[in-house]
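Notes for the one structure printed next.
A short reminder: the numbers here are calculations on the coordinates, not readings from a lab. The shown structure was predicted, so the numbers you read here are calculated from the model rather than taken from an experiment. As a convention, Cβ positions derive from the backbone with ideal geometry for all residues, glycine included, and neighbour counts pool all protein chains shown.
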Amino acid sequence: MNRDVIIACDFAGKEQTLAFLDNFTEEKPYVKIGMELFYAAGPEIVREIKKRGHKIFLDLKLHDIPNTVKKSMAVLSSLDVDMCNLHAAGTIAMMEAALEGLTRPDGTRPLLIAVTQLTSTSQERMEQDLMIQAPIDEVVMHYAENAKKAGLDGVVCSPLEAGKVKEVCGSEFLTITPGVRFADGEKGDQVRVTTPARAREIGSDYIVVGRPITQAEDPVAAYRRCVKEFIG
Ligand code: C5P
């Protein structure tokens, strides 16, 4: 199993991001690049970080008609990222098309992960705004099963849902989990959080950690602590 700690590099621009990564002289952490940084700095930031030897999770959460997603995924695949994602709400057909677009001529491809329901969506908003009446945890599991049917590698979910996802979709189906905090740390705006050690026990494959590392006084020490607690 490839358990790993992914640092969410939620910085506004290229200079800040590279300056942050300069702190790491001995290890090359797995890095998550989100929409904010990608839209500000463009594909060049992906190439630059990749050139420095980091693995990259490109968190752009695609959601469009299957043909558009397929062609866009082909572009992301050529950037040589290691993991990317989309919204399971785009349907099984969209996820299958994404997988096709992502697969390179030699048969290799980045991992493809689905977002189920965003953790910012409540039961009430889902019912009223989206007209989905089922309990939200059932919706999350249903979307995870759809992602598995489409051939995807896993889902982004709360560490607290990781065990259930594994029960429903099998132990090989990956769980990528944000919402991780040190036992003695600040929660910030995250509500349902867990520690790296607990995330490991529950069955997360990858934890995505932002502020506990990026805002730490000593980011390298915080990263190492995370790795030690999560991977051992
Ligand atoms: O700073 P923090 O550790 O809260 O960062 C978590 C990262 O994971 C952020 O980039 C956030 O956008 C992302 N994320 C999340 N919850 C989700 C999906 C993504 O916190 N459900």
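What to note about this one:
- Residues of the range 103-123 satisfying the condition of being of a type in the set (A, V, I, L, M, F, W, C) and out of contact with any strand residue (DSSP E or B) (no Cβ under 6 Å at 6 or more places or on another chain): Leu112, Leu118
- Selection status of Lys149, out of contact with any strand residue (DSSP E or B) (no Cβ under 7 Å at 6 or more places or on another chain), free of Cβ contacts under 8 Å to residues at least 60 places away in the same chain and more than 15 Å from the ligand (Cβ to nearest atom): yes
- Candidates in the range 8-42 are the residues that are closer than 20 Å to Leu86 by Cα, in contact (Cβ under 8 Å) with a residue 60 or more places away in the chain and not small (Gly, Ala, Ser); of these, the one that is surrounded by the most Cβ atoms within 10 Å (Cβ to Cβ) is Cys9.
- Given (1) within 15 Å of the ligand (Cβ to nearest atom); (2) free of Cβ contacts under 8 Å to residues at least 40 places away in the same chain; (3) over 17 Å from the mean Cα position of the chain (by Cα), number of the condition Asp218 does not satisfy: (1)
- Lys164 vs. criteria within 20 Å of the chain's Cα centre (by Cα), among the charged types (D, E, K, R), under 19 Å from Gly90 (Cα atoms) and part of a helix (DSSP H, G or I): no
- The residues on offer are Leu130, Leu118, and the sole one that is farther than 19 Å from Ile202 by Cα and within 18 Å of the chain's Cα centre (by Cα) is Leu118.
- Where Ile207 falls short, out of the listed (1) within 10 Å of the ligand (Cβ to nearest atom); (2) surrounded by fewer than 16 Cβ atoms within 10 Å (Cβ to Cβ): (2)
- Restricting the range 163-193 to residues that are closer than 18 Å to Asp10 by Cβ and in contact with a Ser or Thr (Cβ under 6 Å, 6 or more places away or on another chain) leaves a set whose member that is nearest to the ligand (Cβ to nearest atom) is Gly179.
- Residue pairs whose Cβ atoms lie under 6 Å apart, separated by 6 or more positions or on different chains, with the first residue in the range 186-201 and without any contact (Cβ under 8 Å) to a residue 60 or more places away in the chain and closer than 18 Å to Gln215 by Cα and the second surrounded by fewer than 16 Cβ atoms within 10 Å (Cβ to Cβ) and small (Gly, Ala, Ser), are Thr195/Ala183.
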